[in-house]
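The values are calculated or read from the model by the stated rules, or taken from the named source; none is laboratory data. Predicted model, so just to flag it, every value in this text is computed and none were measured. Cβ sites come from the backbone with ideal geometry, for glycine too, and all protein chains shown count toward neighbours. With ligands, DNA and RNA removed, areas are computed over all heavy atoms of the protein, side chains included. Shrake-Rupley method; radii C 1.70, N 1.55, O 1.52, S 1.80 Å.
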Amino acid sequence: LMLWTFGTLIGFALVLRSIRFRLHEDKILARFGFLYRHYRPGLFGWEVWAMSRKILVLVPLWVPLVAPSLRTTLWLAIAVMFLWVHAFFQPYSTSCFSICNRLEQHALMAFFVTVLGAQVVGQLGAGV
């Protein structure tokens with residue numbers, strides 16, 4: 001499972017790195033365009049970053065003997081990091097009139113607020 005999870009991510013990263021100078025060619029665009037077509041030209045590897053977020057969200061679940069409060073704290077750190085990076089780079093091309101950037105920003109904010117709410121409810125349940 002770990003090999004499949006990280007292997008796919010590393011495989012996509014290696015493929016994109018090897019074709020980074022030929023992204024505009026029709027053959028490359030037809031075969032790999034789904035990985036980078038909707039992102040700004042300088043951010044052709046953003047899909048790898050987005051996939052790593054999905055993996056990082058699962059990491060606190062994989063680590064044994066992690067207290068629930070530490071798990072939610074790790075998720076908050078992950079949410080803040082990805083929210084900040086997305087806000088800084090605004091990776092989607094302007095062909096969708098920045099709707100994609102705003103939609104992704106709202107999804108990341110919803111993740112952050114959900115985890116923050118879980119942290120608050122957990123603290124209230126603990127009597128703190």
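Name the residues in segment 31-68 that are under 18 Å from the mean Cα position of the chain (by Cα) and of a type in the set (D, E, K, R), would you?
Listed by number, the residues that qualify are Arg37, Arg40, Glu47, Arg53, Lys54.
Can you tell me which residue is nearest to Trp46 (Cα to Cα) among those in segment 22-34 that are of a type in the set (Lys, Arg) and assigned to a helix (DSSP H, G or I)?
Result: Arg31.
Checking the structure you have, find out if any residue of segment 35-45 is part of a helix (DSSP H, G or I), hydrophobic (A, V, I, L, M, F, W, C), surrounded by 12 or more Cβ atoms within 10 Å (Cβ to Cβ) and at pLDDT below 95.
yes
Tell me yes or no: at least one residue of segment 51-64 is farther than 21 Å from Thr5 by Cβ and without any contact (Cβ under 8 Å) to a residue 40 or more places away in the chain.
Within segment 51-64, none of the residues are farther than 21 Å from Thr5 by Cβ and without any contact (Cβ under 8 Å) to a residue 40 or more places away in the chain.
Cβ-Cβ under 6 Å, sequence separation 6+ or interchain: first residue in segment 99-126 and closer than 29 Å to His38 by Cβ, partner open to solvent by 60 Å² or more (accessible area, probe 1.4 Å). Which pairs?
Between residues of segment 99-126 that are closer than 29 Å to His38 by Cβ and residues that are open to solvent by 60 Å² or more (accessible area, probe 1.4 Å), the close pairs are Asn101/Gln90.
Here's the yes/no breakdown for (1) open to solvent by less than 70 Å² (accessible area, probe 1.4 Å); (2) within 27 Å of Phe111 (Cβ to Cβ); (3) modelled with pLDDT under 95; (4) part of a helix (DSSP H, G or I):
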site: Trp4; (1), (2), (3), (4): no, yes, yes, yes
site: Thr8; (1), (2), (3), (4): yes, yes, yes, yes
site: Gly11; (1), (2), (3), (4): yes, yes, yes, yes
site: Leu16; (1), (2), (3), (4): yes, yes, yes, yes
site: Arg20; (1), (2), (3), (4): no, no, yes, no
site: Ala50; (1), (2), (3), (4): yes, yes, yes, yes
site: Leu56; (1), (2), (3), (4): yes, yes, yes, yes
site: Pro60; (1), (2), (3), (4): yes, yes, yes, yes
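So that you can scan it fast, the table gives a plain yes or no per residue for (1) within 15 Å of Thr114 (Cα to Cα); (2) out of contact with any His (no Cβ under 7 Å at 6 or more places or on another chain):
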| residue | (1), (2) |
| --- | --- |
| Val57 | yes, yes |
| Val63 | no, yes |
| Arg71 | yes, yes |
| Ile78 | yes, yes |
| Trp84 | no, yes |
| Ser93 | no, no |
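Going through segment 69-128 one residue at a time, which ones are within 13 Å of the chain's Cα centre (by Cα), hydrophobic (A, V, I, L, M, F, W, C) and open to solvent by less than 40 Å² (accessible area, probe 1.4 Å)?
Within segment 69-128, Ile78, Ala79, Phe82, Leu83, Val85, Leu108 meet the criteria.
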